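Worksheet: the structure to be examined is printed underneath.
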Amino acid sequence: MSNREKIVIRGGKVVNEDFSERADVYVEDGIIRAVGLDLEVPAGTREIDARGKLVLPGGIDTHTHMELQFMGTVTVDDFKTGTEAAVAGGTTMILDFVIPQKGASLLEAYEKWRNTADPKVCCDYSLHVAVTWWDDRVKKEMETLVQEKGVNSFKMFMAYKDVFMLRDQELYAVFSHCKEIGAIAQVHAENGDLIAEGAKRMLSLGITGPEGHELCRPEDVEAEATQRAITIAHSVNCPLYVVHVMSKSAAKVVANARRNGRVVFGEPIAAGLGTDGTHYWNKDWAHAAGFVMGPPLRPDPSTPDYLMDLLANDDLTVTGTDNCTFSVCQKALGKDDFTRIPNGVNGVEDRMSVIWEKGVHSGKMDENRFVAVTSSNAAKIFNLFPQKGRIAMGSDADLVIWDPNATRMISVKTHHQAVDYNIFEGMVCHGVPLVTISGGRVVYEGGRVLAEPGTGRFIPRKPYAEFVYKRIHQREQVGKPSAVVRKPYDGEVISLASNGS
Ligand code: URQ
Ligand code: ZN
Ligand code: ZN
């Protein structure tokens with residue numbers, strides 16, 4: 001059982017996104033009370049030795065689906081096992097998605113997610129809400145969610161035709177409304193019509209296995225939708241967040257848009273940074289099906305390195321996992337037809353280690369950029385900073401003591417997730433969480449999860465995150481188009497026939 005106690009972490013290197021310093025960190029009542037050298041602390045304070053180790057802000061996973069009903073079944077990791085796995089991997093907050101069915105109330109779906117998650121979560125969490133249909137009721141409910149329920153981000157699907165997909169006109173309306181209410185619009189960017197046609201074609205060619213999933217969604221299908229979403233968002237001056245950027249083509253679209261001044265953020269995920277889509281061609285059906293997710297992992301093996309380079313240089317901004325786990329027997333719903341394989345992979349436990357290994361150990365980014373892309377940037381975009389994402393007096397005591405030199409091998413045999421395989425099986429990663437502290441409680445230590453279900457809190461988020469909205473507001477002020485003042489035309493005007501022809 002993990003208690004909230006007075007804790008001092010001694011002698012570690014405290015790493016924030018902007019600098020690192022040798023310092024002690026003192027924690028009381030779930031809050032960081034002091035950061036400095038040789039801190040004096042009250043008697044009875046628990047001392048944790050972090051000499052030779054790093055002390056990092058706990059990871060924030062921007063994208064999870066715990067206990068999601070999807071494609072006829074339910075993800076095997078619920079809010080308990082999912083958040084236990086999170087803290088075992090050094091993540092102390094998840095942002096999950098409320099996904100209402102078309103026609104269903106967003107508010108009712110939100111309450112359902114809260115009721116499901118609240119008693120089970122072992123770390124703090126917050127909720128994005130998906131907009132899967134559009135009318136005035138949805139519009140009103142988005143306002144209520146923002147003003148009363150702590151939601152400041154809405155996800156729209158451009159894929160999953162007839163299920164969750166919105167058309168361009170609807171995207172235009174939702175993006176406009178997000179801007180009005182100070183929310184950030186998120187998109188799953190894939191062209192749902194092209195996927196539906198491509199899937200029919202693959203099946204007609206006799207391609208029924210997992211490779212068909214990738215073949216009917218080539219990179220262009222993701223890149224086209226990414227560009228379209230950016231164009232629509234820009235036309236209404238709405239900030240845009242592209243979830244799970246999976247391909248080099250889509251990442252280039254995001255990077256170019258940022259270089260052209262668009263307010264857009266790209267989120268690669270652990271899967272896309274750590275492995276690739278060559279697995280879809282594996283001869284073992286269950287192995288191949290385990291990697292099925294949308295957008296798919298890409299068969300171009302240079303993709304993970306490329307995405308990591310863009311993440312290192314700020315073309316891409318923040319990382320999640322899209323943790324959406326189905327065990328092999330659930331994936332087997334699509335054993336004869338890849339379109340029925342439930343989409344989703346693991347990642348919530350391994351994101352931090354995978355990014356350390358492929359990003360920091362490889363020399364692509366330093367420890368400070370690691371903190372930015374695993375924690376601080378998420379906190380800034382979703383208006384949680386500096387409560388989250390920072391080690392400073394007054395911030396939440398969400399901390400990880402991290403050993404950059406130790407290694408661990410990722411395996412289903414040792415992971416804490418409920419899913420019965422791991423897409424990173426056998427990967428050896430430098431960067432190992434030794435102790436995780438969530439809300440001032442030691443929730444992971446000595447290889448054991450100590451967290452109690454229900455001790456995590458729902459963290460409400462306010463609209464108009466400054467990191468996102470300062471530029472939007474200024475553009476709104478100065479960027480309004482204005483009419484040219486000119487003398488009225490007073491020349492001849494032809495007459496049209498009464499039928500207009
Ligand atoms: O599209 C998503 O984000 C969820 C609903 C499912 N998982 C996936 O394959 N990406
Ligand atoms: Zn998605
Ligand atoms: Zn997702």
Once the mean of 1/r over all distinct C-alpha pairs in the chain is inverted, the Kirkwood radius in Å reads 23.3 Å
Computed over region 370-501, the convex hull of the Cα set has an average projected area, in nm², of 19.0 nm²
I'd like the accessible area for Cys429, computed on protein heavy atoms only with a 1.4 Å probe and all protein chains in place. Round to 10 Å², please. 0 Å²
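When only C-alpha pairs under 8 Å and at least 6 residues apart count, what is the relative contact order of the chain, in percent?
Dividing the mean separation by the residue count of the chain yields 22 percent.
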Roughly to the nearest percent, how much of the accessible area of region 174-318 is carbon and sulfur, given a 1.4 Å probe? 52 percent
Report, by chain and number, residues whose modeled amide H sits under 5 Å from the one on Tyr241, excluding near sequence neighbours (fewer than 5 apart, same chain). Ala185, Gln186, Val187, Phe265
About its Cα centre, what dipole magnitude does the chain give when the only charges are +1 on Lys and Arg Cβ and -1 on Asp and Glu Cβ, stated in debye to the nearest 20? 680 debye
Ignoring ligands, DNA and RNA, what accessible area per residue does region 317-389 give at 1.4 Å, in Å²? 25 Å²
For region 1-131, give the percent of accessible area contributed by carbon and sulfur heavy atoms, probe 1.4 Å, rounded to a whole number. 46 percent
Taking every C-alpha to C-alpha distance in region 286-433 and binning by 10 Å from 0, the per-bin percentages run 10, 34, 35, 17, 3, 0
Between 0 and 90°, nearest 10: helix 192-204 axis offset from the chain longest Cα axis: 90 degrees
Angle in degrees between helix 79-88 and the longest Cα principal axis of the chain, rounded to the nearest 10: 60 degrees
Could you work out how far the C-alpha centroid of region 468-501 sits from that of region 290-317, in angstrom? 43 Å
Would you mind telling me the share, in percent, of accessible area of region 370-501 contributed by carbon and sulfur at probe 1.4 angstrom? 55 percent
Expected 222 nm ellipticity per residue - DSSP helices of 4 or more, -39500 (n - 2.57), all of the chain, to 500: -8500 deg cm²/dmol
Run down the aspartates and glutamates and flag those whose C-alpha is under 19 Å from the C-alpha of Lys462, throwing out any fewer than 8 positions away in its chain. Asp61, Asp96, Glu111, Asp124, Glu141, Glu143, Glu148, Glu180, Asp396
Relative packing of peptides 137-146, 84-93 - highest average C-beta neighbours within 10 Å first: 84-93, 137-146
Over what distance in Å are the Cα centres of region 375-412 and region 47-102 separated? 12 Å
In terms of modelled amide H atoms, which long-range or inter-chain residues lie less than 5 Å from the amide H of Tyr444? Thr436, Leu450
Where does helix 248-259 land angle-wise versus the long Cα axis of the chain, in degrees 0 to 90, nearest 10? 80 degrees
Return the sequence-ordered ³J(HN,Hα) values of region 345-355 in whole Hz as given by the Karplus equation 6.51 cos²θ - 1.76 cosθ + 1.60 applied to θ = phi - 60°, using x for Gly and Pro. 9, 8, x, 4, 7, 9, 3, 5, 5, 5, 6
Using Cα-Cα distances under 8 Å and only pairs 6 or more residues apart, what relative contact order does region 408-484 have, in percent? 16 percent
For each pair in Lys155/Lys179; Lys139/Lys179; Lys80/Lys102; Lys179/Lys248; Lys6/Lys380; Lys179/Lys380, compute the distance between the two Cα atoms and list the pairs where it is over 19 Å. Lys80/Lys102; Lys179/Lys248; Lys6/Lys380
Placed amide H near Asp24: partners under 5 Å, 5+ positions off or other chain: Gly11, Gly36, Leu37, Asp38, Leu39
Over region 43-109, give the accessible area per residue in Å² for a 1.4 Å probe, as an integer. 29 Å²
How would Ser235, Ser247, Ser176 line up by accessible area, probe 1.4 Å, largest first? Ser235, Ser176, Ser247
Put one equal scatterer on each alpha carbon of region 380-420, apply the Debye formula with no solvent term, and list log10 I(q)/I(0) at q = 0.27 1/Å to two decimals. -0.87
Semi-axes, largest first, in whole Å: what does sqrt of 5 times each Cα gyration tensor eigenvalue give for region 95-139? 23, 10, 7
Averaged per residue, what accessible area in Å² does region 126-279 show with a 1.4 Å probe, protein chains only? 33 Å²
How much space per residue, in cubic angstrom, does the convex hull of the C-alpha atoms of region 64-157 take up? 95 Å³
Relative contact order of region 1-131, defined on C-alpha pairs under 8 angstrom at six or more residues apart (%): 20 percent
Once each part is reduced to its C-alpha centroid, what is the distance from region 237-266 to region 176-191 in angstrom? 13 Å
When a/c is below 1.5 the answer is rounded, else prolate if a/b is larger than b/c, else oblate, so apply that to region 1-62 with a ≥ b ≥ c taken from the square roots of the Cα gyration tensor eigenvalues. oblate
Mind grabbing the base-10 log of I(q)/I(0) for region 334-395 at q = 0.13, 0.21, 0.27, 0.30 Å⁻¹? Debye formula, identical points on the C-alpha positions, no solvent, two decimal places. -0.53, -0.87, -1.07, -1.14
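The values are calculated or read from the model by the stated rules, or taken from the named source; none is laboratory data. Treat the numbers as computed from the prediction; the structure is a model and nothing was measured. Backbone-built Cβ (ideal geometry, glycine too); neighbour counts: all protein chains shown. Ligands, DNA and RNA are stripped out before the accessible areas are found, and what is left, the full protein with its side chains, is counted by its heavy atoms. Shrake-Rupley method; radii C 1.70, N 1.55, O 1.52, S 1.80 Å.
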